[in-house]
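In what follows, a single structure is set out as structure tokens and then discussed.
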There are 4 protein chains.
Amino acid sequence: MYKGFKIKQPFFEIGPKAYCDGEETISLAKVADEASAKYDVQIILTPQYTDIPFIAREAKNLLIFAQHMDSLTIGRGLGSVLPEAVKFAGAVGVMLNHSEKRVSLAELNQAIKRADEVGLATIVCADTIEEAIAIAYLNPNIIVVEQPELIGTGQTSDPDYFKRAIAAVHSVNPEIEVLTAAGISSAMDVYKVIKDGAVATGSSSAIFKAEDPAAMIVDMIKAVRQAWDETHL
Amino acid sequence: MYKGFKIKQPFFEIGPKAYCDGEETISLAKVADEASAKYDVQIILTPQYTDIPFIAREAKNLLIFAQHMDSLTIGRGLGSVLPEAVKFAGAVGVMLNHSEKRVSLAELNQAIKRADEVGLATIVCADTIEEAIAIAYLNPNIIVVEQPELIGTGQTSDPDYFKRAIAAVHSVNPEIEVLTAAGISSAMDVYKVIKDGAVATGSSSAIFKAEDPAAMIVDMIKAVRQAWDETHL
Amino acid sequence: MYKGFKIKQPFFEIGPKAYCDGEETISLAKVADEASAKYDVQIILTPQYTDIPFIAREAKNLLIFAQHMDSLTIGRGLGSVLPEAVKFAGAVGVMLNHSEKRVSLAELNQAIKRADEVGLATIVCADTIEEAIAIAYLNPNIIVVEQPELIGTGQTSDPDYFKRAIAAVHSVNPEIEVLTAAGISSAMDVYKVIKDGAVATGSSSAIFKAEDPAAMIVDMIKAVRQAWDETHL
Amino acid sequence: MYKGFKIKQPFFEIGPKAYCDGEETISLAKVADEASAKYDVQIILTPQYTDIPFIAREAKNLLIFAQHMDSLTIGRGLGSVLPEAVKFAGAVGVMLNHSEKRVSLAELNQAIKRADEVGLATIVCADTIEEAIAIAYLNPNIIVVEQPELIGTGQTSDPDYFKRAIAAVHSVNPEIEVLTAAGISSAMDVYKVIKDGAVATGSSSAIFKAEDPAAMIVDMIKAVRQAWDETHL
């Protein structure tokens, strides 16, 4: 866990994956940056590696994370993503072990240590609660618990599921933040998930395949705030 | 083969791999950029993904290539390197199938087609002459023939070897450029290789592990020009 | 190309993949073994690694191939498939680079050489005709040209396609056998493909998902013989 | 954890990796089989996949484990190692996540569940104590804690290290057996490690690169028994 990283609840992750890049990502990043300020919701954005410097120059509020990085140290390793390079580009963190980019347990362990070393926060993905507990022992900043069978179904996890996920991770280390995702297809889903007790959620395809991705981002961030205030004020 | 890409003999590839990044790479890129102009030697530089935008902003003469990219199209695929993103960042080409980042034949075939489609040149690595011929059928812009057993030995390929490599590739397609590498450890090696008939070569560890990488770059590029002029004028 | 391997046209590949194993594969192997003798059609069977010894003990006519092997030599490499072990178990060959088990070009090159060395035939898969030509330069015994977009569609390649595939491979080396596959879903498909000029074809899911796999094997082998005799006698 | 699997302390793992196969492995397996009976030390042997049926036919006492398997279920997946096939061949368990054959956390989780389902014990490798704890949450039968930096050094872990490893795993689940390895290069090392508190250890290169592997196996198993009796009687 990189101690230099702070994030405030509620927060939200926007995942461009390979859905968009360049001008489109930069433009949506600006929208997200403003929504973050307006609704006081911290946003983690995970753009393509090469888009990081462009967004870092523009964004004031976004928390830019790389989609992945390798644990390698300075040296050989052509085609790898060097932690120092990610940091230099303006990222404040890195996502690891997403279901589309699995890494071995040993590599995950080393990559988290490398992130701590160079000063990058880590957001690590788990498919199941037992995997989330296992990952908690490797001490990342944030764990995403995402039921892969719900991805793209438009069906969100039930409240009990993410309450158990949060409790399980906190039984190992209460400082680790838990983001519960999968199945978010609308601002209404976002609202529901936060009302049901999540402190953070996120979206990828629902934003980037929307007719108006910018509007979807604003609606989702607004929904986070509204649900949070109704629950926590 | 991306037809929009032109390169003039002799040329030289500088491979930072994961040896350096950020300020150091940017600074060495400037040195290479000037050496390229001064000695009229085109230079392919393959920085870390996230360093591409920084170098693209500074360099006037360098040919910036990504170290790798995936063949995927717009869509899912977190952690992948999207061809469009590489292009947007300012790269003019991409390296594929380096011995530290192998891809399958089918992926290589598709990545070359994707590069052609988005407008990126391709430099593809082969371990042996028979692999170089096989790759020539996939029609990249440049093939690197590198005897892996010589890497890091300070022993360069014998002249006969790269003459055969060039002839073999050209028997398939004479438009494909052939870069012969491996074992380059000094400006003298560069000189020798070009004198012996190579039209392009390159270096990685010999530059980045040198006491003075900037001086090594200048010396090597100067050696390319000198050897070329002695042989071709 | 392992010169100790001979195969006679027409031939047929049966691919159990992970569809079946143990008693079921052994029992179907016996059926295939008898059909091979009865219809004078050589059959390549690619069982699970651990099933090879069981089938080798029973079969008199089948050509048993491993589904994959690694190019590694005696030494470290836990979890790898050692060529010598495959040979010892009773396989006469190995499949390489199937679309479900891609290998890099360098690994493919080395694995073919290792197969030659230990005395195993090689059947290498290609997605496209250009990949088939590339592979032909690596000199395997057999190349499978399979249009992946047809797999599981019940639509077979058009006759022109596999005539071009065969011609392309033979332009490099006329000793390499060419098996054209994809889209075979019935004995009628097998008949059609051979009538249209193929010298070999194969099936996987159509056999192992059939209600009666044993009957399907017999019908397909019979169809090979019938189509072949109508075309070649 | 496959409940049908029982193992008695002290036990020992012999890892042929790709060091040997066929007749040599079968012959050494017989030696190990007899040593197991004579010294009442259970032995886990992890031969090449294709060697499993041969050894299963001969051995009376050995616990045969596959070097790896995939979590896939009956269906596609050419080149994979199907759990059912491993079981059919006569293995009673499977090794997972060795440093030479890493798997992702999600794959590891699923493979352990598949092993439980088909009735195979699991021995899972960890590089560090924190990884061992993480793996313990996935509930395998046995965890190997192996300091990779000691592999091949002839220097064994210090006693404190494996006491901490055992305690850490047992804090999660006391039913999981812990094998501590790395650096075993002689029967004397085996003796020392058991005297120092290990309940199980193992060897690979020290056996298979020995002048007389059969003698080395006997000496090591004998050392296990002697050290155990001196400590536990």
Ignoring ligands, DNA and RNA, the residues of the stretch B:62-78 whose accessible area with a 1.4 Å probe is reduced by 50 Å² or more relative to the chain alone are B:Gly75, B:Arg76, B:Leu78
Carbon and sulfur atoms: what percent of the 1.4 Å accessible area of the stretch A:1-101 do they account for? 48 percent
For C:Lys113, which aspartates and glutamates qualify as cross-link partners when the Cα separation must be under 15 Å and same-chain residues fewer than eight apart are set aside? B:Asp127, B:Glu130, B:Glu131, C:Asp70, C:Glu84
Computed Rg/Rh for chain B (Cα atoms; Rh = Kirkwood radius) stands at 0.94
Per-selection metrics, the stretch B:64-130 (Cα): Rg and Dmax in Å: 11.4, 36
Interface residues, the stretch D:1-49 - accessible area loss of 40 Å² or more versus chain alone, probe 1.4 Å: D:Ala18, D:Tyr19, D:Asp21, D:Gln48, D:Tyr49
Buried solvent-accessible surface, both chains (C, D), 1.4 Å probe, Å² to nearest 100: 3400 Å²
Between the stretch D:83-110 and the stretch C:129-149, how many Å separate their Cα centres? 32 Å
Exposure ranking of D:Glu149, A:Glu177 by accessible area [1.4 Å probe, largest first]: D:Glu149, A:Glu177
I'm checking a number: the convex hull volume of the Cα atoms of the stretch B:1-138, normalised per residue, in Å³. What is it? 112 Å³
Using a 1.4 angstrom probe with every protein chain in place, what is the largest-first accessible-area order of A:Ile123, A:Ile74? A:Ile74, A:Ile123
Compute the separation of the alpha-carbon centres of the stretch C:160-196 and the stretch C:1-57 and state it in Å as a whole number. 20 Å
Kindly identify the stretch C:1-68 as rounded, prolate or oblate by the Cα gyration tensor criterion: order the square roots of the eigenvalues as a ≥ b ≥ c, call it rounded if a/c is under 1.5, otherwise compare a/b with b/c, prolate if a/b is larger, else oblate. oblate
For chain A, the per residue accessible area (1.4 Å probe, Å²) is 35 Å²
Theoretical ellipticity at 222 nm over chain B - DSSP helices of four or more residues, -39500 (n - 2.57) apiece, nearest 500: -13000 deg cm²/dmol
Under a 1.4 Å probe, counting only protein heavy atoms, C:Cys125 has an accessible area in Å², nearest 10, of 10 Å²
Take the stretch C:174-228, drop everything but the C-alpha atoms, weight them equally and run the Debye formula without solvent; then report log10 I(q)/I(0) at 0.16, 0.19, 0.30 Å⁻¹ to two decimals. -0.43, -0.59, -1.21
Counting alpha carbon pairs within less than 8 Å and at least 6 residues apart, what relative contact order, in whole percent, applies to the stretch A:155-233? 31 percent
Which residues of the stretch B:104-127 show a drop of at least 30 Å² in accessible area when all protein chains are present, compared with their chain alone (probe radius 1.4 Å, heavy atoms only, ligands and nucleic acids excluded)? B:Ser104, B:Leu105, B:Ala106, B:Asn109
Which distances, shortest first and in nm, link D:Thr73 to the matching position in the other copies, using label points set 7 Å out along Cα to C-beta? 3.1, 4.4, 4.4
Students sometimes get this wrong: rank B:Arg225, C:Arg114, C:Arg57 by accessible area, probe 1.4 Å, all chains present, largest first. C:Arg57, B:Arg225, C:Arg114
Listed here are the pairs C:Lys60/C:Lys222; B:Lys8/B:Lys222; C:Lys101/C:Lys192; D:Lys8/D:Lys38; A:Lys60/B:Lys30; which of them are more than 20 Å apart at the Cα? C:Lys101/C:Lys192; A:Lys60/B:Lys30
Expected integer from the mean partner chain Cβ neighbour count at 10 Å over A:203-211 is 1
I need the Kirkwood Rh of the protein assembly as shown: take the reciprocal of the average 1/r across all distinct C-alpha pairs and report it in angstrom. 29.9 Å
Expressed as a percent, the portion of alpha-carbon pairs in the stretch A:31-73 spaced more than 15 Å apart is 44 percent
In whole µm²/s, the translational diffusion coefficient that Stokes-Einstein assigns to the stretch C:137-230, given a Kirkwood hydrodynamic radius over C-alpha pairs, 4 °C and 1.567 mPa s, equals 95 µm²/s
Distance histogram for the stretch C:86-167 (every C-alpha pair counted, 5 angstrom bins, percent rounded to whole numbers): 3, 14, 25, 22, 17, 11, 6, 2, 0
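The values are calculated or read from the model by the stated rules, or taken from the named source; none is laboratory data. This structure is a prediction, so every number in the text was calculated from the model and none was measured. Cβ atoms come from the backbone with ideal geometry, glycine included; neighbour counts cover every protein chain shown. Accessible surface is based on the protein model in full, side chains and every heavy atom, while ligands, DNA and RNA are left aside. Shrake-Rupley method; radii C 1.70, N 1.55, O 1.52, S 1.80 Å.
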